[in-house]
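Report on the following structure.
Every number in this text was worked out from the coordinates using simple rules, so none of it is lab data. Since the model is a prediction, treat every value here as computed from it, not as a measurement. Note that we place each Cβ from the backbone using ideal geometry, even for glycine, and neighbour counts take in every protein chain shown.
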Amino acid sequence: MPHTKLEVNLIDSFEKIKVEIFPTPKQGSVYVAAEIARCIREKKQQWQKFVLGLATGSTPITLYAELVRLHREEGLSFKNVVTFNLDEYYPLDEDAMQSYHSFMHRHLFQHVDIDPSNIHLPNGELPKEEIKKHCQQYEQMIEGAGGIDMQILGIGNNGHIGFNEPGSSIFSKTRLVTLDNSTRIANAREFQNISQVPRLAITMGISTILKSKKIVLMAWGTKAPIIARSVEGQVTEQIPASILQQHNDCTFVVDEIAASDLTRIKSPWLTGDCEWTPQMIKRAVVNMSLKTGKPVLSLTTHDYNENGVGDLLVEKGDAYEINLQVYYMLRDSITGWPGGKPEAYIPSHPERSEIQPKRCIIFSPHPDDDIISMGGTFMRLHDQGHEVHVAYQTSGNIAVTDEFVTRFLDFAVGFEDMFGIDNHTSKEILSEA
Ligand code: F6R
């Protein structure tokens with residue numbers, strides 16, 4: 001739906017960087033790829049090179065897949081493209097599977113017609129005493145190519161861009177940096193375990209990035225909190241991506257989940273017109289209750305006006321009535337029959353009485369989150385005859401070290417021995433661990 005002018009201005013006053021929101025990462029990537037393709041073709045018509053700054057990590061994989069598709073199916077040529085990658089682990093062989101050299105070849109370069117001499121990445125193989133010179137040369141090469149026309153960025157959960165971790169200076173240039181522990185944990189998925197993730201990396205600096213003529217930062221899924229802080233918060237070196245507020249042509253391309261903490265999505269009543277559906281009323285009132293620390297039923301007209309929800313009173317009646325409406329919605333969400341009660345008639349929840357038993361799936365980000373956060377519900381679903389499955393979304397190998405596991409297995413074997421319990425299985429697992 002197009003925004004009215006007033007609405008756009010109100011959004012702007014929260015968002016200090018332009019944000020384009022797409023339903024899925026794929027749609028966001030198609031948009032960015034089309035923009036890159038347009039620029040490549042425009043430069044080609046002028047017999048010029050297009051200088052593209054590139055990122056690695058999980059975020060741009062769909063972008064590279066789309067660029068490869070454009071090359072194969074729509075004849076997009078990369079002959080006039082010069083690339084500079086943001087970063088590379090140090091020390092790491094170019095040929096290592098986890099190197100950003102390998103990543104780029106695997107996802108993009110080997111599938112398109114780019115001239116290999118136009119590809120540039122920091123060199124993670126050099127002896128330490130040569131790094132400083134190499135970094136200076138990298139900066140000079142970027143300048144020599146006429147500067148970066150468009151820089152693609154991802155973002156770390158701590159707000160890093162490239163490998164400029166929190167605290168990096170706005171004046172920083174290409175250099176050797178120490179990776180944050182949180183970054184090493186996040187990137188451990190690319191290695192066998194966290195101890196193999198290099199502690200250092202070579203990265204373009206913040207000032208190098210800011211010199212790019214155009215910047216596109218992409219983010220999907222779980223990045224919502226850091227996206228909101230970077231776009232709406234203060235500019236601070238503690239959140240390197242917030243410094244992008246000072247660039248005059250920077251766009252964040254995000255999916256709906258990564259956008260979900262932006263004020264216009266999270267609290268749209270604060271940015272202008274908002275349609276007061278029952279769900280929106282519930283969100284606004286619960287939000288106000290959390291913010292003021294007051295129970296829903298104690299919120300007053302004054303609270304509504306003070307918290308930017310005065311509109312709702314004008315449209316839907318007085319505070320007392322709205323509080324009650326939300327209270328009933330919350331009350332109705334509490335049930336001793338989480339999978340539904342057979343043959344019970346609940347007008348607001350017809351789906352609850354329909355199918356019995358149900359097949360339920362519990363998504364648990366990490367083994368044990370299911371038990372810790374909803375063990376009681378889990379048990380009830382089972383006791384009430386439903387078929388319950390759990391999908392663990394990680395194996396847990398990063399948080400639980402091998403040493404920790406073997407220590408507990410040792411204990412289990414000893415315990416079973418001591419109390420005459422058959423420890424055949426524990427021994428078998430221990431020998432494989
Ligand atoms: C990688 C890079 C990093 C990543 C960031 C997000 O070249 O510069 O800043 O963009 O760590 O990584 P993913 O995309 O894996 O979430």
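General observations
- Label zone of residue 115 (point 7 Å out along Cα→Cβ, amide N under 19 Å): in segment 151-194 this covers no residue at all.
- Highest-first packing order for the peptide set 133-144, 86-97 is 86-97, 133-144, based on the mean count of other beta carbon atoms within 10 Å.
- Environment charge of residue 193, counting only residues whose C-beta is closer than 15 Å and scoring Lys/Arg +1, Asp/Glu -1: 0
- Largest-first principal axis extents of the Cα set of the chain (Å): 74, 72, 43
- Measure of compaction for segment 41-112 (Cα Rg per 2.2 N^0.38 Å): 1.18
- Near the amide H of residue 218, within less than 5 Å, lie the amide hydrogens of 153, 154, 253, all on another chain or at least 5 residues away, with H placed in the peptide plane.
- Radius 14 Å from Cβ of residue 173, net charge of other residues (Lys, Arg +1; Asp, Glu -1): +1
- Extended-chain gain in nm, criterion 0.36 nm per residue less alpha-carbon gap, residue 404 and residue 427: 6.7 nm
- Subtracting the Cα-Cα distance of residue 14 and residue 327 from 0.36 nm times their residue separation leaves 109.7 nm of extension gain.
- Order by protection proxy (mean Cβ within 10 Å, highest first), peptides 207-217, 284-294, 243-253, 423-433: 207-217, 243-253, 284-294, 423-433
- At R0 = 60 Å, FRET efficiency that the Cβ-Cβ distance of residue 246 and residue 371 yields, to 0.05: 0.80
- Sites residue 79 and residue 191, calculated FRET efficiency, Cβ-Cβ separation with R0 51 Å, nearest 0.05: 0.90
- Neighbourhood net charge (13 Å Cβ-Cβ; Lys/Arg +1, Asp/Glu -1) for residue 302: -2
- Each label was represented as a point 7 Å from its Cα along the Cα-to-Cβ direction; for residue 133 and residue 395 these points are 4.3 nm apart.
- Once the Cβ-Cβ distance of residue 279 and residue 318 is raised to the sixth power relative to R0 = 22 Å, the FRET efficiency obtained is 0.60.
- log10 of Debye I(q)/I(0), alpha-carbon scatterers only, for segment 158-311 at 0.08, 0.11, 0.14 Å⁻¹: -0.34, -0.59, -0.82
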